1. Considering only 30, 74, 40, give the residue with the highest GNM mean-square fluctuation for the chain, with springs between Cα atoms whenever their separation is below 10 Å.
2. Could you pull out every residue, at least 5 positions away or on a different chain, whose amide H is within less than 5 Å of the one on residue 153? Hs are placed 1.01 Å off N in the peptide plane, and Pro or chain starts have none.
3. Running a GNM on the chain with Cα contacts under 10 Å, which residue among 72, 86, 177 ends up with the highest mean-square fluctuation?
4. Just want the answer: with Cβ charges of +1 for Lys and Arg and -1 for Asp and Glu, which residue in 54, 175, 128 is farthest toward the dipole's positive end in the chain?
5. Please give the length that would be gained between residue 124 and residue 92 if that part of the chain were fully extended, namely 0.36 nm times their separation in residues minus their C-alpha to C-alpha distance (nm, one decimal).
6. With viscosity set to 0.692 mPa s and temperature to 37 °C, compute the Stokes-Einstein D of segment 129-214, Rh being the Kirkwood radius across alpha carbon pairs; µm²/s, no decimals.
7. Taking just the alpha carbons, could you work out the radius of gyration and Dmax for the chain, both in angstroms?
8. Step through the residues of segment 104-109 one at a time and calculate ³J(HN,Hα) from phi using the Karplus curve (6.51 cos²θ - 1.76 cosθ + 1.60, θ = phi - 60°), rounding each to whole Hz and writing x for Gly and Pro.
Amino acid sequence: MSIPPHKIEVHHASKETARVEAFSDGVFAIAITLLVIELIQLIHVKEQEKLLPMLLHHWASLFAFGLGFVTILICWINHHVAFDYIIKTNSKLMWVNAFVLLMVTFTPFAIAVLSQYFESERNLAMALFGFNYLLMSLAAYLLCAYVYKRSLIDENNRKTFHRLVKLYEYSVYYTFIAFLVCFYSVPVAITLYCLLFVVFAFPKASASKLIRGK
């Protein structure tokens, strides 16, 4: 029995979407692994220091690791949510998705700089992290805006997905402001990023609450 052409097309699109997600998940996993490797280096220092003093001495590295882990986790959650709606792919989508992954892979470097220079040049180190997050927000918006405009999403959920697009658009402005704040007040900037983490930990719920009726 032959398979109808439209079913073959749907199956092929679904398979391609799964491959893009699988590759992306691998990149996220590697980025988190790099964070852990950077943290493990703390116990290989040559100075003979007891455990608790060593942990207290490297508090900035532990803080940076936590910030980096949550950053990549939040990005992965939102990437997963976006691809829940995407049912078709094309070559341009892969390049747009690659921009998202580029920002993810840059995160361990930004976190390493933050860890190393937080005590001596905290504003500039925090600004580098903020710039990374700004580009990550821009990448997330471009990804969602592209699939929305190109109708690569499930049309039955188009209105719901539009709310996500608007949420990511607002995040670009928000992270730009947070980036500027990094140069003036690191505590305020950290507070702004923590609020951002809370909102984007549950993107669907946040989009529904913040953008009702649109």
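Nothing in this text is a laboratory measurement; each read-out follows from the coordinates by a stated rule. Please read these numbers as outputs of a predicted model, since none were measured by experiment. Virtual Cβ from ideal backbone geometry, glycine too; neighbours counted across all protein chains shown.
1. 40
2. Counting only residues 5 or more places away or on other chains, the set is 87.
3. 177
4. Value computed over the given set: 175.
5. Values: separation 32, 0.36 × 32 = 11.52 nm, distance 3.44 nm.
Gain in length upon complete extension: 8.1 nm.
6. Reported coefficient: 243 µm²/s.
7. Looking at the chain, its Cα Rg and Dmax stand at 19.7, 73 Å.
8. Calculated HN-Hα couplings, in order: 5, 6, 6, 4, x, 5 Hz.
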